[in-house]
Each structure stands twice: as C-alpha cells, then as structure tokens.
Amino acid sequence: MATDQPNIPENPSKNFNEYFRFKLGRDSPSDARNTLLVVTTLIVAVTFQAAINPPGGVWQDDKYSPANCTVVTSDNNCTIIRHAGTSVLYYRMKTSYELFLAVNTLAFCAATNTIVYLLLDSPFQTEVMLCIGSTNAAFAAAVAAVHPPKPFNWGLILAAWFLPYILRLFSNLINRYK
C-alpha cells in the first residue's frame, strides 16, 4: 500500500468494509459508475429471469376437471383447473407468490432506475431510454404471462413498480430546494 493514504488499512482482513468502501480521493467516480452499471445490469438480468420462471417453475400442461376431460367446450361440463405456462407457486402458496412478485418487481425497477440515472447525458441516451422502457414493458408482459387468469392485487405490483422512480423524484426535488 502507498504511504500517502493513511486512512486505508494495510490488511483488508482487519477492516474489510473500510478497505473496500468507495473513497473519493482514492477511487475514480468513473470506476464506481462502471461497477454500479455492471451490478445493476446483473440485478436486472436475474430479476427478469425470475419473472419469466418464478420459484417452483410453471405448469407444463393444462389440468381439467373432471380428470377425463381434455378440452373445455360448450357441450361438456369440463372446467380448467390450471393453465400450462402459469406459476406453480401461485397455485401452491398465493401469498408467497404475491410477495415474491412484489419484491422482485421492486428490485427490477430499482435497478433499471439506477441504470437510467447512471447513463443520463450519455451519447446514446435516447437509445438507452428506449431499451430500458422496452425492457420494463417486456418484464410486465412476462409477469402477466405467467400469472394465472385469476383476480390479482395489481396495486401491490404497481406500487413496487413506481416506488424507485417516486423516491428518486422526491430526492431530486429535496436536493433542488435545499
């Protein structure tokens, strides 16, 4: 270690958190920004994948009642119990599914919000905003696709969706009028 940086411990095992914490005089803001972009991009990828394939997976086939039915028509008394491609977790533990979906949506939107703010005023800002918007729409479509065609509390999901953007807006307003 260099001797002109007395605040940095020589051995990271003595104070691990302090050793790796961002220091403005030591670390480049550009490096910190790039690290945040990598981390948030990984979070977006993981949360998007979790939306497409929720815990427990998705049903591979339709299930009908009574069991000998294969299709619902107007002249038989068959009803569909579950749809292929919908979340298994929803049918097994609805509250857990809703909680997972809300937390996953919050993480996804917080990460995309971070990417937006890290890339403001970049040379391809318009293209990046278009990509982020498209990814958000694809995420919403994926959530809707694996959700069974049953009533659902979408208010919780919308709150999780907009919370990072609202918090950033309030933060910017507070900083502007200090």
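Structure notes:
- In region 57-66, the residues that are surrounded by 15 or more Cβ atoms within 10 Å (Cβ to Cβ), in contact (Cβ under 8 Å) with a residue 24 or more places away in the chain and in a loop (DSSP other than H, G, I, E, B): TRP59
- Meets criteria (exposed (fewer than 14 other Cβ atoms within 10 Å of the Cβ) and among the polar types (S, T, N, Q)) for THR86: no
- Enumeration of residues in region 28-51 that are over 25 Å from VAL103 (Cα atoms) and surrounded by 13 or more Cβ atoms within 10 Å (Cβ to Cβ): ALA32
- For region 89-100, the set of residues classified as surrounded by 14 or more Cβ atoms within 10 Å (Cβ to Cβ) and over 29 Å from LEU167 (Cβ atoms) consists of TYR91, MET93, listed by residue number.
- Residues satisfying the stated conditions in region 18-27, i.e. assigned to a loop (DSSP other than H, G, I, E, B) and open to solvent by 80 Å² or more (accessible area, probe 1.4 Å): ARG21, PHE22, LEU24, GLY25
- The residue of region 1-46 that is farthest from THR114 (Cα to Cα), among those that are among the polar types (S, T, N, Q) and at pLDDT 75 or above, is SER28.
- Failed condition for ASN136, given (1) more than 17 Å from the chain's Cα centre (by Cα); (2) within 20 Å of VAL44 (Cβ to Cβ); (3) not hydrophobic (A, V, I, L, M, F, W, C): (1)
- The residues on offer are VAL103, VAL38, VAL44, and the sole one that is out of contact with any helix residue (DSSP H, G or I) (no Cβ under 9 Å at 6 or more places or on another chain) and among the β-branched types (Val, Ile, Thr) is VAL38.
- Filtered by the rule that a residue be surrounded by 12 or more Cβ atoms within 10 Å (Cβ to Cβ), without any contact (Cβ under 8 Å) to a residue 40 or more places away in the chain and not β-branched (Val, Ile, Thr), region 117-140 gives GLN125, MET129, CYS131, GLY133, ASN136, ALA140.
- Some residue of region 101-108 being without any contact (Cβ under 8 Å) to a residue 40 or more places away in the chain, open to solvent by less than 60 Å² (accessible area, probe 1.4 Å) and out of contact with any His (no Cβ under 8 Å at 6 or more places or on another chain): no
- All of (1) open to solvent by 50 Å² or more (accessible area, probe 1.4 Å); (2) within 29 Å of TRP161 (Cα to Cα); (3) in contact with a strand residue (DSSP E or B) (Cβ under 8 Å, 6 or more places away or on another chain); (4) of a type outside the set (Val, Ile, Thr) hold for PRO54 with one exception: (1).
- Pairs where the first residue, in region 144-173, is under 17 Å from ILE52 (Cα atoms) and open to solvent by 60 Å² or more (accessible area, probe 1.4 Å) and the second is part of a helix (DSSP H, G or I) and of a type in the set (Val, Ile, Thr), C-beta under 9 Å, 6+ apart: ALA145/ILE52
The values are calculated or read from the model by the stated rules, or taken from the named source; none is laboratory data. Remember, predicted model here, so these are calculated numbers, not experimental data. Methodologically, a virtual Cβ is constructed for each residue, glycine included, from the backbone with ideal geometry; neighbour enumeration extends over all protein chains shown. Accessible surface is based on the protein model in full, side chains and every heavy atom, while ligands, DNA and RNA are left aside. Shrake-Rupley method; radii C 1.70, N 1.55, O 1.52, S 1.80 Å.
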